[in-house]
Structures are given as structure tokens and as C-alpha cells.
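The values are calculated or read from the model by the stated rules, or taken from the named source; none is laboratory data. All values reported here derive from a predicted model rather than from experimental measurement. Note that each Cβ is placed from the backbone with ideal geometry, even for glycine, and that neighbours are counted across all protein chains shown. Accessible surface areas use protein heavy atoms only, side chains included; no ligands, DNA or RNA. Shrake-Rupley method; radii C 1.70, N 1.55, O 1.52, S 1.80 Å.
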Amino acid sequence: MLKKSILLVSLLACSSLIACNKTKNYKPGDPLTITSIEMCDEYGESTLIQYKDFDILVDSGSELDAGHVNEVLNNKVTDKEIDLLVVTHPHGDHIGGIINGALEGMSVKQIVDYGYTYDTDGNDKINNSSYVQAYVNKRTSYINAGATYHGIKEQMKISKTLDIDKENDLRIRWLENDFYFGEDEVFPNEKCPTDNPNTTSTSFNLEYKYWNLVMCGDADSTNAEFTIMQNHQNLFKDAKKRIMLKGTHHCSSSSMGSNFLNWTRPEVIFTSSAMISEICAPNQVVLGSGDDQLNHPNKSTVRRIKNRTQNFYWNGINGDITFVTDGVNDMTMSGAGRKRNYLKKEGIGTASIEEEKNVTFFNSEFAKYF
């Protein structure tokens, strides 16, 4: 009798374990909307994520694009409150918008950023001490108005996840980067192999049912992408998981390494940088062989992406890009139409803004340059 009881308990325990380990069978939920805001004047990025009345803003673009970012926020954030502001790192193309009015008319409830004191002698607005101090002053004004604030290292000590809708499995999972620094530390320092704050980018995975949105700021393939992968080797092992990836560092040559793409195995990738001039040269540089890191997106990186997925979008082609998912079914995409134009490779006329609103990068006229 005792043996039968032990056997029954064992069977029940095994049954319970199988049930716990079994992947949930999700039903479609409320829409999660992701908007990659067009950078009209300068490379940079700002992404708005919305679910019901919960609004997340990741970075704010450059000072030149502050007005357009503000326009999008005022059109889309109906309650005029940013529930979570994430600032990935202190470069001007990510903090310039905040300094120059991108959040005008908005209140901010919570801030998570890079955390450390940035000590730089740079003379340009991408790498400038006074620019960073202006952001810190703006951050302080939000804190004084009631916003809670933590640098990413402190935030992860408090909690490595942020539940947005626990019942429907919508959460942020902060991704561990070995090059995060605390609020009492100064960067650059000897703990990091580079003095480029891209490496310190605050990173997270937004999980909603089967879909995952991976956001890693300007993480570089040499350092940050590698350590994030090492710290989360099994994050995307589940075959049912579906992944969208925000292209790191505007898809420059120093980002989106093959190992990183294989780790995330994205179905959809989007990137952000401006279509600067009408001679089809993004970011004020001539399209080259792929060695120039200022080519955003870069030819060599685009080739790596093409080997992974055809669903690659660039807001320089599509304008403001809106993705919508119910957490289960295929993600939908719609573009607003870009504000900048470019010449066709053949040199006869410009590419159609209207016809290219909803095309992938690879189906655009611009792809012919690659």
C-alpha cells in the first residue's frame, strides 16, 4: 500500500512538472503598438511603445528631430503621460530631443537610463559634456515633478522585470549588460574596454505572449552584443517565441553581428536613421564599400540582415513606422510616408514616397544601392 502511494505521488509530481514546463497556448490579446519615429534631419532614434493607456518612450532622437518627435507624441499619447521613459545612453542623437522639447506637454512617470556620470571632453553634440548636463537637468526636473528614477544597474537590483499587464503576460525583462555602471560611477573607466557609451546601452526585451521586442540601443557587436548574449543564452530557445529586433546602432557596420542575429533569430527588424540628402546618401556620407561606420544602415550589415530575414524596415524609407501585434498572430506594419526624398539609382527621378510607405527595405528603390 505504501509503495502504491509513493508511486501515485511520483506520478502526480511528474504530471505537475510537465504542466508547468509546457508552453502556454495563448489567445490573441489587446493590440501592442510600436512606432519607430522618423528621423527627418539627423541620424538618431526614438521609439514609442503603447498598450492600452501605458506609454513607453525609448530615447528621443536628436535636437533637430525634437519637433517631429513631439508631434508624434501629441498625436498618439492621448493622456499626455509617458509611463516609462528609457534613455539608453548619453549620445546627442538619443538625448537631444529631450533637451530640445520632444516631450513638451508630456508628464513623465518613471525614468530608467544609463545611470552613471558621463565625463567627456567631446566638442560635438553627439559627445558633449554640456549636452549631457542639459539632459541631467531635464531629468532632475521630471524627478522634482514626481517621476521615479533609477539607473539601469540600480533598477536591476530592485527588479529584473517590470510587469505592465501581468494577467496577459506583458512585461519588460531588463537585459544584463556587463558594461552597466552605477549611479556613483564615472564613465569612461577601466572596467570598460572602450570610452564609447554605445557599449553601455540600456537594453531590454519586451515580452507579450509569443512576441518579443528586443531593444538594445546602440550596443556594439564587439562588446555589448556579446555580453548580452552570454548573459541570456537561452532567452529565445523556445521555438514558439516570435522576435522583432530594433537594429542596434542604426545598423552601422559595428553592430548587428551574425552571432547576435542568430541568437535573436528575428522575424522582423527595423532601424532608425535619417534620409539626409536627395543624392541618396544617408547621414551626410557617400555610400561606400561598407567599411565606413557612419553609413547607417551599412551595406555589410544589410547583407547580414538579408541572410536572416526579408522583413527589414527603415524609417528613412517608410517614414514613421507603426507595427501592431496581438501577441499571437503576424505583426502588421504601416508607414506614414517619409518627409525626405532620394534619387533612384538610375538617376532618373526620385523614388515614390507614396509607393514606398509600406515596402520592406529590400523592395525599395534604395535597396538597389546595396
| task | Report yes if Lys125 is in contact with a helix residue (DSSP H, G or I) (Cβ under 8 Å, 6 or more places away or on another chain) and basic (Lys, Arg), otherwise no. | result | yes
| task | Tell me, please, whether a residue that is out of contact with any Leu (no Cβ under 8 Å at 6 or more places or on another chain), closer than 23 Å to Phe270 by Cβ, free of Cβ contacts under 8 Å to residues at least 40 places away in the same chain and of a type outside the set (Asp, Glu) can be found in region 121-129. | result | yes
| remark: Of Phe187, Phe204, Phe226, the only residue that is open to solvent by less than 10 Å² (accessible area, probe 1.4 Å), over 23 Å from Ser46 (Cα atoms) and not basic (Lys, Arg) is Phe187
| task | Being surrounded by fewer than 20 Cβ atoms within 10 Å (Cβ to Cβ) and in a loop (DSSP other than H, G, I, E, B) narrows it down to one of Asp195, Asp163, so name that one. | result | Asp195
| more than 28 Å from Glu154 (Cβ to Cβ) and of a type in the set (Gly, Ala, Ser) - does that describe any residue in region 30-45? | yes
| Pick from Lys138, Lys157: which is touching a residue at least 24 places away in the same chain (Cβ under 8 Å) and in a helix (DSSP H, G or I)? | Lys138
| remark: Within region 147-160, of all residues that are of a type outside the set (Ser, Thr, Tyr) and touching a strand residue (DSSP E or B) at 6+ places or on another chain (Cβ under 8 Å), the one surrounded by the most Cβ atoms within 10 Å (Cβ to Cβ) is Ile152
| request: Could you check Met256 against (1) assigned to a loop (DSSP other than H, G, I, E, B); (2) open to solvent by 10 Å² or more (accessible area, probe 1.4 Å); (3) without any contact (Cβ under 8 Å) to a residue 60 or more places away in the chain and say which number it fails? | output: (2)
| Among the residues of region 57-84, which ones are on the phi < 0 side of the Ramachandran plot and either in contact (Cβ under 8 Å) with a residue 60 or more places away in the chain or basic (Lys, Arg) (or both)? | Val58, Ser62, Glu63, Asp65, His68, Val72, Lys76, Leu84
| said: I'd like the full set of residues that are surrounded by fewer than 22 Cβ atoms within 10 Å (Cβ to Cβ) and of a type in the set (D, E, K, R), limited to region 47-82. | reply: Lys52, Asp53, Glu71, Lys76, Asp79, Lys80, Glu81
